[in-house]
Amino acid sequence: MISQEEIKSFLEGGDPEEHIVSIEFDYVSDHIYKIKEVPGKGKTIVRDSLIAFAWVGDLKGLNFYQGSKGLQKEAMSKYGIVIEKLRTDNNERLENGLTFMVKSIKGYRALNQFFRDGGIDPWGENVRDKFLMLTPVEQYLISKEKRLFKGFEEYNDITRFGFDLETTALEPKDGRIFMIGMKTNKGFLKVIECKDEDEERRGLVEFFNTIDELKPSIISGYNSANFDWFWIFERCKALNLDIKKIAKSLNPKRTISQKDSMLKLANEVEKFNQVQLWGYNVIDIIHSVRRAQAINSNIKEAGLKYITKFIDAEAKDRIYIDHTKIGPMYAEKNEYWLNIENGNYKKVGDSEKIDEVCERRSDIYIKTTGDDIVERYLDDDLEETLIVDDEFNQGTFLLASLVPTTYERVSTMGTATLWKMIMLAWSYKFGLAIPKKEPQRNFVGGLSRLLKVGYSKDVLKLDYSSLYPSIQLVHDVFPECDITGAMKGLLTYFRSTRIMYKNLASEFKGVDKKKSLSFDRKQLPIKIFINAFFGSLSAPQVFPWGDINMGEQITCTGRQYLRQMLKFFVKRGYTPLVCDTDGMNFSLPEGGVDHKVYIGKGLNWLVKEGKEYKGYDADVAEFNDTFMKGEMGLDCDGTWDSCINLARKNYA
């Protein structure tokens with residue numbers, strides 16, 4: 001099996017270069033540009049070359065260069081082409097897949113032109129199964145073994161710029177921008193007030209000038225792809241401002257642009273406009289929240305107000321204003337009493353009694369104006385935007401430091417594509433062919449049953465720790481086309497890393513809350529990544545290494561583990577209520593479980609030898625010691641006084 005040291009070195013990138021925060025490719029010059037945020041020195045840009053490459057299958061029958069070896073050799077010389085035969089180890093899917101690596105020492109354009117001159121469009125529908133060519137930036141990261149954010153321990157180490165607009169209407173055609181707020185995680189704060197269209201015009205110019213002065217690595221807003229950036233582009237048009245002239249990138253020859261992009265949300269895909277500003281990572285923070293919402297049913301909404309409360313980050317003096325009242329409140333500039341402890345406010349003069357109390361309690365209430373309250377509200381919005389960004393994109397930052405692609409892409413792509421990028425990088429490093437994709441077909445999934453309808457009390461929820469990945473590791477369920485065993489090595493590494501972060505989070509919980517939270521944030525995306533591997537494996541039409549038979553073996557084994565749990569706990573007096581894929585809810589036995597005692601044997605990684613376990617923990621520890629081997633383990637996920645079971649996926 002591949003050593004964990006080799007896996008770690010591969011994921012972190014073999015090249016030691018640090019502080020790369022973004023990479024750009026110039027299609028005209030065929031050059032790569034590395035944008036670096038060097039601590040204490042600011043931004044630097046370093047140029048580099050690219051040896052472009054593509055994985056290619058057998059082109060026989062496509063009349064490539066009219067079938068002439070002479071013409072092909074002539075073109076190879078012209079475009080600096082090198083062709084390598086890739087390793088297959090006689091595996092059928094690899095033999096029928098992409099078995100050649102075609103490189104051009106003259107760059108990306110030369111590689112493309114080599115195929116086009118031979119009569120083949122690498123992106124043509126008729127050859128989609130014969131070519132795999134990544135973006136130049138991804139090719140560079142893979143071939144040079146470089147990774148983004150190396151040298152940065154925390155997401156907060158990078159300069160992050162958040163912005164928010166306040167507008168007089170919901171649509172740009174109906175109103176204008178009257179306030180632009182900007183804030184960084186390094187202490188910068190600026191609010192631009194725009195009293196009329198002339199000031200709005202100057203405000204938009206100042207907004208882009210501020211970005212140019214600060215040169216942050218990440219530019220973000222909350223719902224900015226759908227709202228703020230749309231307003232900025234539309235108001236520039238209405239004000240006769242050329243946005244391509246006022247938006248300054250890190251390359252004077254390249255200005256701001258937009259492109260159609262897609263946000264992957266579990267099993268759904270949503271289109272959005274991706275703003276591109278050369279040298280910067282432009283993201284919408286709501287994307288990370290919505291991706292978390294797609295896999296966490298406890299998150300009911302994605303709005304900034306809700307999600308800040310959900311993560312328990314709302315400030316006590318947070319000011320809220322209904323969106324329909326923000327514009328009028330700012331414009332009218334009436335006087336208000338503001339409670340500086342809880343953020344509530346009342347208009348001066350509405351009540352003599354309230355006025356009297358507020359004047360007497362000057363330690364709590366201050367007299368201010370509507371425009372000042374709106375400005376405070378905007379500052380609160382900006383602060384919460386950066387807090388939510390830090391909370392939900394810490395994981396994105398971690399993944400972007402391991403996966404050879406752009407930060408913008410990591411923040412919106414699905415987990416199957418992340419696994420695909422890692423496996424492509426591994427295949428490049430070790431000269432491996434890419435397997436032929438297989439068609440999708442239906443198969444039996446996890447066990448999901450409602451065993452008792454209605455009201456139950458003394459509820460215990462048990463679930464297997466990372467059930468599907470653990471089944472793969474314990475029962476060695478991996479596709480044969482992974483001839484080097486990379487998937488098993490990667491899965492083992494990710495699982496071990498996650499457990500390490502979980503243990504550190506627990507260790508520091510009562511000692512250093514900030515450290516504990518940092519470790520907990522780091523383990524969550526790894527958990528998602530690990531659990532998503534099954535989805536990749538079960539989608540061979542997307543993930544070249546996918547194998548439906550392996551996916552079906554995993555779900556079949558999972559159903560057996562659930563039945564084993566059911567039999568064990570029913571025998572000890574527990575009443576099964578509902579089971580769903582990797583866990584089961586029980587009612588505790590009549591008379592309770594306080595009398596139960598078990599001394600751990602340490603035969604499972606979740607059980608400590610010699611430790612005394614009591615109550616339901618005793619039964620769980622005995623189950624683990626007796627049945628759970630290797631990475632398998634049963635966890636307690638919580639207890640509740642009672643529940644109501646209505647259907648398989650509907651219980652409370």
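The values are calculated or read from the model by the stated rules, or taken from the named source; none is laboratory data. Since the structure is predicted, the reported quantities are computational estimates derived from the model, not experimental observations. Because the Cβ atoms are built from the backbone with ideal geometry, glycine has one as well, and the counts that use them run over all protein chains shown. For accessibility, only protein heavy atoms count, side chains too; no ligands or nucleic acids. Shrake-Rupley method; radii C 1.70, N 1.55, O 1.52, S 1.80 Å.
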With Ile311, Ile319 as the choices, which residue is among the hydrophobic types (A, V, I, L, M, F, W, C), in contact with a Lys or Arg (Cβ under 7 Å, 6 or more places away or on another chain) and touching a residue at least 40 places away in the same chain (Cβ under 8 Å)? Ile319
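Among the residues of segment 533-590 satisfying the criterion of being of a type in the set (A, V, I, L, M, F, W, C), out of contact with any strand residue (DSSP E or B) (no Cβ under 8 Å at 6 or more places or on another chain) and open to solvent by 20 Å² or more (accessible area, probe 1.4 Å), which is farthest from Thr639 (Cα to Cα)?
Of the residues in segment 533-590, the ones of a type in the set (A, V, I, L, M, F, W, C) are 533-534, 537, 539, 542-543, 545, 548, 550, 554, 556, 562, 565-566, 568-570, 577-579, 584, 586, 588.
Among the residues that remain, those that are also out of contact with any strand residue (DSSP E or B) (no Cβ under 8 Å at 6 or more places or on another chain) are: 533-534, 537, 539, 542-543, 545, 548, 550, 554, 556, 568.
Next, only the ones that are open to solvent by 20 Å² or more (accessible area, probe 1.4 Å) stay: 534, 542, 550, 556.
Numbers: Phe534: 28, Val542: 39, Met550: 34, Cys556: 28 Å.
Here the residue is Val542.
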May I ask you to verify whether Arg93 is in contact (Cβ under 8 Å) with a residue 60 or more places away in the chain and farther than 26 Å from Arg409 by Cα? yes
Suppose we filter segment 430-462 for residues that are surrounded by 14 or more Cβ atoms within 10 Å (Cβ to Cβ) and within 30 Å of Trp55 (Cα to Cα); how many remain? 7
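Just to verify a result, which residue in segment 575-601, among those that are assigned to a loop (DSSP other than H, G, I, E, B) and touching a helix residue (DSSP H, G or I) at 6+ places or on another chain (Cβ under 8 Å), is farthest from Ser456 (Cα to Cα)?
Going residue by residue through segment 575-601, those that are assigned to a loop (DSSP other than H, G, I, E, B) are 581-582, 588-596, 600-601.
Going one step further and asking which of them are touching a helix residue (DSSP H, G or I) at 6+ places or on another chain (Cβ under 8 Å), we end up with 581-582, 588, 593, 596, 600-601.
On the way: Thr581: 21, Asp582: 21, Leu588: 10, Val593: 16, Lys596: 22, Gly600: 30, Lys601: 33 Å.
That would be Lys601.
Just to check your reading of the model, which residue among Leu504, Leu460 is without any contact (Cβ under 8 Å) to a residue 60 or more places away in the chain, of a type outside the set (Lys, Arg) and closer than 28 Å to Ala618 by Cβ? It would help to see each step written out before you state the result.
On the way: Leu460 fails: without any contact (Cβ under 8 Å) to a residue 60 or more places away in the chain.
Exactly one residue qualifies, and that residue is Leu504.
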What are the residues in segment 279-304 that are more than 15 Å from Ser220 (Cα to Cα), in contact (Cβ under 8 Å) with a residue 24 or more places away in the chain and more than 16 Å from the chain's Cα centre (by Cα), if any? none
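Just to be sure I understand, how many residues within segment 427-442 are over 13 Å from Leu98 (Cα atoms), of a type in the set (D, E, K, R) and not in a helix (DSSP H, G or I)? First the steps, then the outcome.
Start the filter on segment 427-442 by keeping residues that are over 13 Å from Leu98 (Cα atoms), which leaves 429-430, 438-442.
Filter once more, keeping what is of a type in the set (D, E, K, R): 429, 438, 441.
Imposing the further condition that a residue be not in a helix (DSSP H, G or I) reduces the set to 438, 441.
Number of matching residues: 2.
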Filter segment 327-367 down to residues that are aromatic (Phe, Trp, Tyr) and within 40 Å of the chain's Cα centre (by Cα) and give me whichever is farthest from Thr167 (Cα to Cα). Tyr345
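Take the residues in segment 500-527 that are of a type in the set (A, V, I, L, M) and open to solvent by less than 40 Å² (accessible area, probe 1.4 Å), then tell me which one is nearest to Thr417 (Cα to Cα). Outline the logic, then answer.
Kept after step one, since they are of a type in the set (A, V, I, L, M), are these residues of segment 500-527: 500, 504-505, 511, 517, 524, 526.
Right, trim to open to solvent by less than 40 Å² (accessible area, probe 1.4 Å) and you get 505, 526.
Numbers: Ala505: 29, Ile526: 15 Å.
By that ranking, first place goes to Ile526.
Just the residues that are without any contact (Cβ under 8 Å) to a residue 40 or more places away in the chain and within 30 Å of the chain's Cα centre (by Cα), please, taken from segment 543-580. First the steps, then the outcome.
Residues of segment 543-580 that are without any contact (Cβ under 8 Å) to a residue 40 or more places away in the chain, as a first pass: 549, 560, 566-567, 570-571, 573.
The answer is Asn549, and nothing else.
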How many residues does segment 125-159 contain that are under 29 Å from Phe519 (Cβ atoms) and either assigned to a loop (DSSP other than H, G, I, E, B) or among the basic types (Lys, Arg) (or both)? 12
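If a residue counts only when it is of a type in the set (Ser, Thr, Tyr), which helices (runs of 4 or more DSSP H) contained entirely in segment 476-540 have at least 3 such residues? Before you say what the answer is, go through the steps one by one.
Values: elements: 486-507, 513-531, 533-537.
Because the criterion is at least 3 residues that are of a type in the set (Ser, Thr, Tyr), the helices (runs of 4 or more DSSP H) in segment 476-540 that meet it are 486-507.
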Pairs needed: first member in segment 219-245, closer than 24 Å to Thr159 by Cβ and of a type in the set (Val, Ile, Thr); second member anywhere, open to solvent by less than 10 Å² (accessible area, probe 1.4 Å) and assigned to a helix (DSSP H, G or I); C-beta distance under 6 Å; at least 6 residues apart or different chains. Ile243/Cys236
Tell me, which residue of segment 245-272 that is open to solvent by 70 Å² or more (accessible area, probe 1.4 Å) and of a type in the set (A, V, I, L, M) is modelled with the lowest pLDDT? Val269
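Could you check segment 188-201 and list, in sequence order, the residues that are farther than 13 Å from Phe178 by Cβ and out of contact with any Leu (no Cβ under 9 Å at 6 or more places or on another chain)?
Here is the first cut: in segment 188-201, the ones farther than 13 Å from Phe178 by Cβ are 188-190.
Lys190, the sole residue that qualifies.
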Scan segment 96-124 residue by residue and report those that are of a type in the set (A, V, I, L, M, F, W, C), part of a loop (DSSP other than H, G, I, E, B) and either touching a Cys at 6+ places or on another chain (Cβ under 8 Å) or closer than 20 Å to Asn63 by Cβ (or both). Ile120, Trp123
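Just to verify a result, which residue in segment 328-343, among those that are out of contact with any strand residue (DSSP E or B) (no Cβ under 8 Å at 6 or more places or on another chain) and under 27 Å from Ala169 (Cα atoms), is surrounded by the most Cβ atoms within 10 Å (Cβ to Cβ)? Walk me through it before giving the result.
Looking only at segment 328-343, we keep the residues that are out of contact with any strand residue (DSSP E or B) (no Cβ under 8 Å at 6 or more places or on another chain), and these are 328-329, 332, 341-343.
Next cut, under 27 Å from Ala169 (Cα atoms) only: 328-329, 332, 343.
On the way: Pro328: 12, Met329: 21, Glu332: 11, Gly343: 18.
Looking at the filtered set, the residue picked out is Met329.
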Identify, from the list Phe227, Phe163, Phe178, the residue that is among the aromatic types (Phe, Trp, Tyr), more than 30 Å from Tyr33 (Cβ to Cβ) and crowded, with 22+ Cβ neighbours inside 10 Å. Phe178
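Taking the criterion of being assigned to a helix (DSSP H, G or I), closer than 18 Å to Gln4 by Cα, aromatic (Phe, Trp, Tyr) and open to solvent by less than 70 Å² (accessible area, probe 1.4 Å), would at least one residue in segment 463-473 satisfy it?
From segment 463-473, those assigned to a helix (DSSP H, G or I) are 467-473; that's our starting set.
Adding the requirement that they be closer than 18 Å to Gln4 by Cα leaves 469-470, 472-473.
After this cut, where a residue has to be aromatic (Phe, Trp, Tyr) as well, the list is none.
So far as segment 463-473 goes, no, none of its residues is assigned to a helix (DSSP H, G or I), closer than 18 Å to Gln4 by Cα, aromatic (Phe, Trp, Tyr) and open to solvent by less than 70 Å² (accessible area, probe 1.4 Å).
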Return the residue satisfying two criteria in turn: it lies in segment 44-58 and is crowded, with 18+ Cβ neighbours inside 10 Å and not aromatic (Phe, Trp, Tyr), and of such residues it is farthest from Ser249 (Cα to Cα). Gly57
How many of the residues making up segment 36-64 are within 20 Å of Asp117 (Cβ to Cβ) and acidic (Asp, Glu)? 1
Only one of these conditions is not met by Ile530: (1) at pLDDT below 95; (2) farther than 24 Å from Ser496 by Cα; (3) buried (at least 19 other Cβ atoms within 10 Å of the Cβ); (4) aliphatic (A, V, I, L, M). Which number is it? (2)
Filtering segment 383-397 down to residues that are in contact with a strand residue (DSSP E or B) (Cβ under 7 Å, 6 or more places away or on another chain) and surrounded by 21 or more Cβ atoms within 10 Å (Cβ to Cβ), which residue is nearest to Met182 (Cα to Cα)? Thr385
